[in-house]
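Novice: First the structure, then my questions, so here it is.
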Amino acid sequence: MHDGETIAAISTPLGEGGIGIVRISGNDAIKLLKKVAKPYRKKNWEECRSHSLHNAYIVDKDNEVVDEVLISIMRAPKSFTGEDVVEINCHGGIVAVSKTLEVVIAAGARLAEAGEFTKRAFLNGRIDLAQAESVIDVIRAKTNTGLKVALKQLEGHLSQKIKVLKEKLLEILIQMEAGIDFPEDEVPYLSPDEAKRKLKEIAVSLKELIDDAGRGRIIREGIKAVIIGKPNVGKSSLLNALLNENRALVTEIPGTTRDVIEEVINIKGIPLRIIDTAGIRKTENLVEELGVEKTRSSIEEAAIILFMLDATTDWTEQDEIIARELIDKEVLVLVNKIDVQNSQEISNGKQYFKESEFIYISAKEGMGIKDLENAIIKRIMGGKVVSPENLIITKARHLKIIKDAYNHVNEAISALQKGFTDDLVCIDVKAAWLLLGKITGETVEEDMIDRIFEEFCIGK
């Protein structure tokens, strides 16, 4: 980013729609507006109050009208970026929005880099780095729970927790360093026992964040589940039952699915990337064989496998072939078609999967689907109920920092227990304090900031 430059970008997806927005931010945003916007009524753009709306025409350098628009003006520092911001609300459509941006760039703005508006909000102190990172999570949220968690972080819940821990570490650091530098002066002395007690409290708080991180990442990213079973066992019907709509082709012909079909479904706030596979079977058909190989690949990548058995046929050689592929995997065994008369318990399957949970369903009739959903949540969330009200770490970057800080705090505790001098203990305390500052952005390197904002889309 170049200080003082005025940037612009399209902030809405390209395509037909009600409106399309061109966003401008920088010291010269309103001056630039004078060059490209012709108001309905005579007015001076520089005298317009903040957070006001105005009808206008966008005109090019030849004074030709490009579009009829609604312009919003937000003055520094009370804007998202902390700078003067202008948003031009055009008619939705690729040509109108793109032409408006073209006129704005020609008038002196620079095309914004990915995430540059949010980056400026961070650099100008409007939000900290953890809040800035949560913006992308809000945009990419796959479920309502994921959205709520991201919004909590955008509001600063994670930042506040980190701030409290940093202040506690700093207090310990100041007291210990004062005792080192001014041993004869009347400064508050922190005994080794008191320092250990305070550091252990901090370690407990960090451990709680670490323990919740796995569930947080699941909420943000979802997990991959694979439906596997012999041909015509009802895999596609199960996918449809979970989706509550027909997405996969269901027929009575074995081997209909020749490729993997992936959908994202919401199970109690958790995005489940569920894959309907081609099955595993011996075949001379090249297309089917390619599907089988994709199935094997999906099994290796899956966090949980839904192995379907047919209650009307009992255990078969085809089931045996598939079962051999699932050794040491996380498997839920689904016994399907229990609505059919004379359905069976699949006793051989129970012998093979002694440690796995068996769930009896009818994918066609929707029987047992809620039991299946509950079993999936129990497996992937460890039986814990996840509330968006709780603080949850969702990003790998944050988790690594917190783990490293946790290790340094434990090293400091260990040093105190071994009777090491305060100056050696302070090395780890300070390291933990500096690490936590990387989450909120106070001690993070510039190249890391650049990498974080490269994940964003242009216009945000």
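Just so you know, all these numbers are worked out from the coordinates, no wet-lab data involved. The shown structure was predicted, so the numbers you read here are calculated from the model rather than taken from an experiment. No Cβ is skipped: glycine too gets one built from the backbone with ideal geometry, and neighbour counts run over all protein chains shown.
Novice: Using r as the Cβ-Cβ distance of K200 and E357, and R0 as 41 Å, what FRET efficiency do you calculate, to the nearest 0.05?
Specialist: After rounding, the FRET efficiency stands at 0.60.
Novice: Additional query: Among DSSP beta bridges whose residues both lie in the chain, state the antiparallel percentage, nearest 5.
Specialist: If I count the DSSP bridges inside the chain, around 60 percent turn out antiparallel.
Novice: Restricting to DSSP loop positions (anything but H, G, I, E, B) with no more than 10 other Cβ atoms inside 10 Å of their own Cβ, which chymotrypsin sites (Phe, Trp or Tyr not before Pro) remain in the stretch 1-109? Display every interim value, and only then the final one.
Specialist: On the way: sites: Y40, W45, Y57, F80; in loops: Y40, F80.
Sparse-neighbourhood loop chymotrypsin sites (Phe, Trp or Tyr not before Pro): Y40.
Novice: Between L424 and R451, what is the label-to-label distance in nm when each label sits 7 Å out along the Cα-to-Cβ direction?
Specialist: 3.3
Novice: Here is a follow-up. Would you please put 265-273, 403-411 in order of how densely packed they are, using the mean number of other Cβ atoms within 10 angstrom per residue and starting with the highest?
Specialist: 403-411, 265-273
Novice: Find the lysine pairs in the stretch 7-127 meeting two conditions, Cα atoms under 15 Å apart and a separation of 8 or more places or different chains, and report how many there are.
Specialist: Total qualifying Lys-Lys pairs in the stretch 7-127 comes to 9.
Novice: Next question. When the dipole is taken about the Cα centre of the stretch 7-127, and only Lys, Arg (+1) and Asp, Glu (-1) are charged at their Cβ, what size is it in debye, to the nearest 20? Working shown, then result.
Specialist: Working: 17 positive and 15 negative charges, 100 e Å.
Dipole magnitude for the stretch 7-127 comes out near 480 debye.
Novice: In the chain, with Lys and Arg counted as +1 and Asp and Glu as -1 at Cβ, which of these residues, Y406, N89, A195, has the Cα nearest the positive end of the dipole, that is, farthest along it?
Specialist: N89
Novice: Can you pull the one-decimal nm distance between simple spin-label points at D193 and T316, each 7 Å off the Cα toward Cβ?
Specialist: A separation of 7.3 nm, rounded to one decimal place.
Novice: Same structure, new question: Between V264 and I458, what is the spin-label point distance in nm, taking each point 7 Å from the Cα along the Cα→C-beta axis?
Specialist: Output for this residue pair reads 2.3 nm.
Novice: Next up: Sorting R451, R75, R23 on the 10 Å Cβ count, fewest up front, what's the list?
Specialist: R451, R75, R23
Novice: Where nothing but the Cβ of Lys and Arg (+1) and of Asp and Glu (-1) is charged, how large is the charge dipole of the chain around its Cα centre, in debye to the nearest 20?
Specialist: That gives a dipole near 1160 debye.
Novice: Here is a further query. For E102 and E5 in the same chain, what is the full-extension length gain: residue separation times 0.36 nm, less their Cα-Cα distance, in nm?
Specialist: Roughly 33.2 nm would be gained on extension.
Novice: So how much slack lies between K403 and N374, counting 0.36 nm per residue of separation and subtracting their Cα-Cα distance, in nm?
Specialist: Values: separation 29, 0.36 × 29 = 10.44 nm, distance 3.08 nm.
That works out to 7.4 nm of additional length.
Novice: What's the extension gain from K38 to D339 if we count 0.36 nm per residue and subtract their Cα-Cα distance?
Specialist: Separation in residues times 0.36 nm, less the Cα-Cα distance, equals 101.4 nm.
Novice: Label the stretch 54-205 by shape, choosing from rounded, prolate and oblate, from the square roots a ≥ b ≥ c of the eigenvalues of the Cα gyration tensor; if a/c is under 1.5 it is rounded, and otherwise prolate applies when a/b is larger than b/c, oblate when it is not. Spell out each step's value before the answer.
Specialist: Working: a/c = 4.79, a/b = 2.65, b/c = 1.81.
Judged from the Cα gyration tensor, the stretch 54-205 comes out prolate (a/c at least 1.5, a/b above b/c).
Novice: Report Rg(Cα)/(2.2 N^0.38 Å) for the stretch 7-127, keeping two decimals.
Specialist: Taking the Cα Rg and dividing by 2.2 N^0.38 Å, one obtains 0.98.
Novice: Please order V86, V65, V149 by the number of other Cβ within 10 Å, starting at the fewest.
Specialist: Least to most surrounded, the residues fall as V65, V86, V149.
Novice: Per q in 0.08, 0.09 1/Å, what log10 I(q)/I(0) does a Debye calculation on the alpha-carbon atoms of the chain return?
Specialist: For the chain at q = 0.08, 0.09 Å⁻¹, log10 I(q)/I(0) is -0.71, -0.83.
Novice: Between L14 and K364, how high is the FRET efficiency from 1/(1 + (r/R0)^6) when r is the Cβ-Cβ distance and R₀ = 56 Å? Nearest 0.05.
Specialist: Numbers: r = 42 Å, r/R0 = 0.74.
Once rounded, the FRET efficiency stands at 0.85.
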